[in-house]
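Everything below concerns the one structure shown next.
The values are calculated or read from the model by the stated rules, or taken from the named source; none is laboratory data. Quick caveat: nothing in here was measured; it's all calculated off a predicted structure. Counting neighbours? That spans all protein chains shown, and the Cβs are built from the backbone with ideal geometry, glycine included. Side chains are part of the model used for accessible areas, which takes the heavy atoms of the whole protein and leaves out ligands, DNA and RNA. Shrake-Rupley method; radii C 1.70, N 1.55, O 1.52, S 1.80 Å.
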Amino acid sequence: MAGHRKRTQPAPPHVVFEALTEPDRDPARPWLTLLADEQRPVVLEAAKPHLVVWSSLWPRRPDAQVRFDLTSDGGFGTRLAWTLLVDEPMPDDSLVGHLRKRLNELINASYRNSMDQ
């Protein structure tokens with residue numbers, strides 16, 4: 001495991017699940033804006049509404065996967081945990097920091113902000 005974060009999202013689990021499995025489904029709320037060194041993920045596994053696994057966003061680390069675990073926050077929102085999984089050898093600290101930061105930006109900033117639109 002190269003990284004893990006857990007935060008709440010304002011939308012319920014089924015809405016977050018749909019956003020993760022179909023990030024372009026709502027053109028009025030774009031959120032998956034990729035950098036030049038990133039690629040669109042492929043959904044490798046999905047169990048509605050609690051689990052989504054993406055392929056790597058980074059061509060230089062094709063082994064990476066991102067696992068999303070979604071649970072109710074006890075109200076109307078979602079407790080979303082992402083876990084970054086990579087094969088050995090582990091990337092150097094600089095790259096791991098970059099990958100974690102990008103996931104956090106995409107999920108806990110871009111996606112969250114799109115829900116406020």
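Using a 10 angstrom cutoff on alpha carbons, build the Gaussian network for the chain and name the most mobile of Pro27, Pro41, Pro12.
Pro27
Projecting each Cα onto the charge dipole of the chain (Lys/Arg +1, Asp/Glu -1 at the beta carbon, about the Cα centre), which of Ser114, Pro89, Gly77 comes out farthest on the positive side?
In the chain, that residue is Gly77.
Which one of Ser56, Ser72, Ser94 has the biggest mean-square fluctuation once the chain is modelled by GNM with Cα springs under 10 Å?
Among Ser56, Ser72, Ser94, the largest mean-square fluctuation in the Gaussian network model of the chain belongs to Ser94.
Work out, step by step, the length gained on full extension between Asp73 and Ala46: first 0.36 nm times the residue separation, then minus their alpha carbon distance; give nm to one decimal.
Between Asp73 and Ala46, full extension yields an extra 7.7 nm.
Among Asp24, Asp93, Asp69, determine the one that fluctuates most according to a GNM of the chain built with springs between C-alpha atoms less than 10 Å apart.
Checking each option, the largest mean-square fluctuation is seen for Asp93.
Pairwise over distinct Cα atoms, reciprocal of the mean inverse distance: report the Kirkwood radius of segment 70-117 in Å, one decimal place.
Final number for the Kirkwood radius of segment 70-117 is 12.6 Å.
What full-extension length gain, to one decimal in nm, is calculated for Glu18 and Glu105 as 0.36 nm per residue of separation minus the Cα-Cα distance? Display every interim value, and only then the final one.
Working: separation 87, 0.36 × 87 = 31.32 nm, distance 1.88 nm.
So the chain would gain 29.4 nm between Glu18 and Glu105.
If you consider only alpha-carbon coordinates, what radius of gyration and Dmax does segment 1-66 have, in Å?
Rg then Dmax for segment 1-66, in Å: 12.5, 34.
Just to check I understand the Karplus step: with θ = phi - 60° and J = 6.51 cos²θ - 1.76 cosθ + 1.60, what whole-Hz values come out for segment 11-17, glycine and proline as x?
In residue order, the calculated couplings are 7, x, x, 5, 6, 5, 4 Hz.
Placing unit charges on C-beta atoms (Lys and Arg positive, Asp and Glu negative, everything else neutral), compute the dipole magnitude of the chain about its Cα centre in debye, rounded to 20.
Values: 15 positive and 16 negative charges, 59 e Å.
Charge dipole, the chain, about its Cα centre: 280 debye, nearest 20.
Within the accessible area of the chain, what % is carbon and sulfur when the probe is 1.4 Å and the other protein chains stay in place?
Carbon and sulfur together cover 52 percent of it.
Residues of the chain: accessible area per residue at 1.4 Å, in Å²? Can you show the working numbers first?
Values: 6200 Å² over 117 residues.
Here the per-residue accessible area is 53 Å².
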